[in-house]
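Presented below is the structure to which this report refers.
The values are calculated or read from the model by the stated rules, or taken from the named source; none is laboratory data. Everything numeric in this text was worked out from a predicted model, so none of it was measured. Every residue, glycine as well, gets a Cβ built from its backbone with ideal geometry; the counts of neighbours run over all protein chains shown.
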Amino acid sequence: MPFTLTVTLTFCPGFKPEIVALVEFLDVLALGLAAITALAGTFAAAVFAAVAIFAAKLASAAALVVQQGLNKFGSAKDLKKLATKLKGNNGKPQGFAPQFGRTQLGGKTMGEDTKFSKYKQIYNNTTVGDKTITDLFSIEVKTEERNPVEKAGWDGANNFINQTEKYDDESKLTTDILNHRDVNQIWVLFRKEGNKSIIPFAGAVTGLSENISPEWTNFRYLGSPFKVNRYLGVERTLQFTLKLYYTTVKEKGVMIKKVNYLKSLAFPYEEISEMKYGGDTQTSQYAFSPNLIYLTIGDMYKNVYGYIESLSFEIDDNTVWPNSNPNGGTSGSTAFSGLLSNLANTLYPSVIDVQIGMKIIENHKTETTAGGITKYKYNFDGSPNASKINETKE
């Protein structure tokens, strides 16, 4: 009766290959002998012969591995202890791939591999001896447990932003952004000129592009066949698509408000100016002003100043318009109705794509060099520490 004996070597992060190979060799040997002793007759003899051939080939390939293991641990008894230890919890606070089919971590049964550990590594620069920070330094590596915000991960950060209506305190906003820094969450922020409220959006941004359009004109002098070009200026436009969505009733209410806020950016500023003139027989006239805004997208654009040039809302045909209140509004018990309220019965699309076009208003400062030359101090991304190449003048 033909048969095939297959051995799979497992990669185990954190352990040397010779240790892993040695442990698996011991496992194969023990399991093989136990299985063969249950057989009888000619088939058992054939199996013993095949295993003998396999063992000879494996022995020739693993001889060096076994010798290194014996040299390192001393005896077969010590190797057996090592194999038992490797199969169990090694006691380290790791949350990644289970070792040798381990099903428990920290005394708790693992339903699946933990892909996002509750621990993180911190890297710090430390100076060597009496050296200064500009001299040689070493890297100090520490392991710390993540804070509750970090443990929530990227999805938790998204839910947090989707539930946050606005920030009136910029320091609170800065703290929340720093708390979510390790989960790589991109914040998209809008603020109207004249208002201190900052409206946050989760950074589900696609199609981000910046278009720069220099403006030139040309003319010919009388009798000349060649054109003379004249530079008139330049303008920039940002275009991107912002995806809004909700997964809970609370997020739904906040999203509806944020959609209306975005629409208001294309309309006149809420405050209407009144102009009076005429002395004793005063007459008045109302005047409106546009909404000028500050836009932040992660660290790429920081408080970029401008106005909304185009705004469109698109809802996919397959988007769900969920109704999460089974009582259809305020019917039912008072407690249940108060929990879900009329908002839960509102039919509103759960995903909306907002296409935004913004014209940037350039407001670059000037500076005077030591030689008395006045220059533009360009800051295209709004960062407080603008990065640029210091060019040398001819």
Legend entry - Options Tyr221, Tyr246, Tyr231: the member that is buried (at least 16 other Cβ atoms within 10 Å of the Cβ), in the same structural domain as Asn184 (by TED's automatic domain parsing) and either in contact (Cβ under 8 Å) with a residue 24 or more places away in the chain or over 30 Å from Ser350 (Cβ atoms) (or both): Tyr246
Inset, instruction - Report, by residue number, each residue of the stretch 250-270 that is outside any helix (DSSP H, G or I) and surrounded by fewer than 18 Cβ atoms within 10 Å (Cβ to Cβ). - result: Ala266, Phe267, Pro268, Tyr269, Glu270
Inset, instruction - Give the residue, chosen from Ile177, Ile198, Ile186, that is modelled with pLDDT of 95 or more and among the β-branched types (Val, Ile, Thr). - result: Ile198
Inset, instruction - Answer yes if at least one residue in the stretch 316-339 is surrounded by 13 or more Cβ atoms within 10 Å (Cβ to Cβ), assigned to a strand (DSSP E or B) and modelled with pLDDT of 85 or more, and no otherwise. - result: no
Inset, instruction - May I ask you to verify whether Glu215 is within 25 Å of Tyr305 (Cβ to Cβ) and surrounded by 10 or more Cβ atoms within 10 Å (Cβ to Cβ)? - result: yes
